[in-house]
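Worksheet: the structure to be examined is printed underneath.
The values are calculated or read from the model by the stated rules, or taken from the named source; none is laboratory data. Owing to the predicted nature of the structure, the values given are computational and were not obtained by experimental measurement. Glycine gets a Cβ as well: all are built from the backbone with ideal geometry, and neighbour counts include every protein chain shown. In case anyone asks, the SASA skips ligands and DNA or RNA and just uses the protein heavy atoms, side chains included. Shrake-Rupley method; radii C 1.70, N 1.55, O 1.52, S 1.80 Å.
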Amino acid sequence: FPGAELRHKEQRMADKRNSVHSVTSDSTSNFCKTFQEKSITNVACIGAGHIGIGTIAVMAERMPDVQFTIFDDNPVTVCACQSGPLPFYHPGLDELCNKLRGKNLHFSPSLEQTVEKSQIVFVCINTPVKTGGIGQGQAPDLSSWDHVARRIADSSKNECKIVVVCSTMPMHTGKTMRQVFQAADTVKHEVVCFPAFFRGGTDVKEMANPRTVLLGSEDTKSGVMAFQVFTKFLEPWIPQDKIVPSNLWSAELAKHAQNAMIAQRISSANAVSALCEKTGADLEEVMRTARTDSRISDGYLQACPSIGGGTLMQNVEMVVWLAEQLQLSDVAAYWKSVLDMNDFQQTRFSSNIATTMGNVKGKKIAILGFAYKPDTSDTRSSPAIRICKDLIEEGAKIVVYDPQVSADSIATALGGYSAFSPLQVSFARSAIEACQGAQALVLVTAWEEFKTIDMCEVVGAMVKPPFIFDSRGVWEVRDLERMGFTVYRIGKPRRD
């Protein structure tokens, strides 16, 4: 009988839905009960990078009764963190870790042990752009997030967790992790998005006193519970009135939008710098006027050879990709223009070195600074990489000095020691050593020690006629010219 068979089929489907609903309801109740009955005493962090260690160390100082354990897959990184110094430089962070290490701040090579004993798990990992397949060069590669979610689920031992996505996460990160957790186990893990406000090169004291932070969560019973538990947990560090609530999508898009807008602002300054050099205007004077307008204000109005760091331009690429996927071609084209302007500025700066000197083949050029900004050892997307590669390709002999970036790190950023001849690339132990016998000096990173260097000693060490290419506006052009330098400074009119 067809009608009876159809009714039986509908009943089976209804029974299945009720079964799923029952499991979901039970897991939600179990999640809420778990976090209602227990205070937070153990916290895990996956990823011993700048964001992971910086965020966790600040919390550990503010919450001495909570045990914090940071995991990383790289055993060399873990060993360095366990004994010190840290494998990277950040102002004040080594000192803070030295004070807390072995008390309530720990480092571990075992993800399973770290996650099993924790109640909250921070995930602070990088999200590279895809190097192949659909979205190559623009789309975020979410495979690492998927992999981490599966490892968290496998290591949880049927205990509910609040998983905090704490990097500059791409869109759909929270959704990707939630899907893995829902498929992997009946035990509920709730995902909240806590976009990192960590800024490379800033003192730890600034991290300890954020102005406002964003926290995204699901508008469900367990999502609301996770939000409440996490905000209460943060209170010794961040008062609740400084936490801006949002949904997961808003939290994920907000950081991308913020970084893209910063990149757009820097690109605007770079575009104006090119106009200044061609017209005889002075970028410093132009931007001084712009700063007086309260609608524009002061931040990120200084030109540079290109935008560095691991997030700004990568986030612009991801916004372009997202707009294209949503068929917002005009929006994608707008943000792509930021990428184009950055590439234009990079090419323009390197070309100016070659054209100003006539040619650079066989000439020694000192590169001062390799980190993408001062007070960090981070070289990701540093302007120095493109500048050095361009000069090497032109046949120049470069010598690089940075007070916090090792020779090995510089060589790795340039493609490894095998990528260049030791006759073309060398490394100095001081700025003066780098300038000895050089015909040109290229200032890439505005380290404080470069601002106070004795330029009379520098000009004495260099081959005549000496050239200076100041990409950060550190030195006064007229003072350098009086010493005999030929000077190129971004945004300054040429005086031939």
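Data table
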quantity	calculated
Residues (touching a Ser or Thr at 6+ places or on another chain (Cβ under 7 Å) and of a type in the set (Val, Ile, Thr)) located in the range 177-223	Thr186, Val187, Val192
Per-region count, the range 126-137, residues open to solvent by 30 Å² or more (accessible area, probe 1.4 Å) and within 16 Å of the chain's Cα centre (by Cα)	2
Residue match in the range 326-339 (condition: surrounded by fewer than 23 Cβ atoms within 10 Å (Cβ to Cβ), modelled with pLDDT of 95 or more and of a type in the set (Lys, Arg))	yes
All positions within the range 393-442 that are at pLDDT 95 or above, hydroxyl-bearing (Ser, Thr, Tyr) and open to solvent by 40 Å² or more (accessible area, probe 1.4 Å)	Ser406, Ser409, Thr412, Ser426, Ser430
Qualifying residue in the range 229-247 (condition: in contact with a Leu (Cβ under 7 Å, 6 or more places away or on another chain), of a type in the set (A, V, I, L, M) and either open to solvent by 10 Å² or more (accessible area, probe 1.4 Å) or farther than 16 Å from Val164 by Cα (or both))	yes
Test: residue in the range 266-278 that is in contact with a Phe, Trp or Tyr (Cβ under 6 Å, 6 or more places away or on another chain), buried (at least 16 other Cβ atoms within 10 Å of the Cβ), under 29 Å from Thr212 (Cα atoms) and at pLDDT 95 or above	yes
Within the range 280-301, tally of residues that are touching a helix residue (DSSP H, G or I) at 6+ places or on another chain (Cβ under 6 Å), part of a loop (DSSP other than H, G, I, E, B) and not charged (D, E, K, R)	3
Odd one out for Pro85 among (1) within 23 Å of the chain's Cα centre (by Cα); (2) in a loop (DSSP other than H, G, I, E, B); (3) surrounded by 18 or more Cβ atoms within 10 Å (Cβ to Cβ)	(3)
Residue within the range 428-437 that is more than 22 Å from Val487 (Cα to Cα) and of a type in the set (A, V, I, L, M, F, W, C) present	yes
Residue match in the range 59-69 (condition: assigned to a loop (DSSP other than H, G, I, E, B) and either touching a Phe, Trp or Tyr at 6+ places or on another chain (Cβ under 9 Å) or open to solvent by less than 70 Å² (accessible area, probe 1.4 Å) (or both))	yes
Any hit, the range 284-306, residues being buried (at least 20 other Cβ atoms within 10 Å of the Cβ), touching a residue at least 24 places away in the same chain (Cβ under 8 Å) and among the small types (Gly, Ala, Ser)	yes
Near pairs, Cβ below 7 angstrom, 6+ apart or cross-chain, from the range 385-412 (part of a helix (DSSP H, G or I)) to any residue that is open to solvent by 40 Å² or more (accessible area, probe 1.4 Å)	Ile392/Gln424; Ala407/Phe427; Ile410/Phe427; Ala411/Tyr417
Matching residues in the range 70-82 - criterion: being open to solvent by less than 20 Å² (accessible area, probe 1.4 Å) and in contact with a helix residue (DSSP H, G or I) (Cβ under 8 Å, 6 or more places away or on another chain)	Ile70, Phe71, Cys81
Every residue from the range 485-494 that is in a loop (DSSP other than H, G, I, E, B), open to solvent by 40 Å² or more (accessible area, probe 1.4 Å) and modelled with pLDDT of 95 or more	none
Residue count, the range 413-442 (criterion: in a helix (DSSP H, G or I), closer than 24 Å to Pro374 by Cβ and out of contact with any Ser or Thr (no Cβ under 8 Å at 6 or more places or on another chain))	5
Among residues of the range 31-58, those that are assigned to a loop (DSSP other than H, G, I, E, B), buried (at least 24 other Cβ atoms within 10 Å of the Cβ) and among the aliphatic types (A, V, I, L, M), counted	1
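Residues checked against (1) among the acidic types (Asp, Glu); (2) in contact with a Lys or Arg (Cβ under 6 Å, 6 or more places away or on another chain):
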position	(1), (2)
Val320	no, yes
Glu324	yes, no
Asp330	yes, no
Trp335	no, no
Asn352	no, no
Met357	no, no
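A quick yes/no check of all residues on (1) within 23 Å of Ala461 (Cβ to Cβ); (2) not small (Gly, Ala, Ser):
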| residue | (1), (2) |
| --- | --- |
| Ala354 | yes, no |
| Ile365 | yes, yes |
| Leu368 | yes, yes |
| Tyr372 | no, yes |
| Asp375 | no, yes |
| Arg380 | no, yes |
| Ala384 | yes, no |
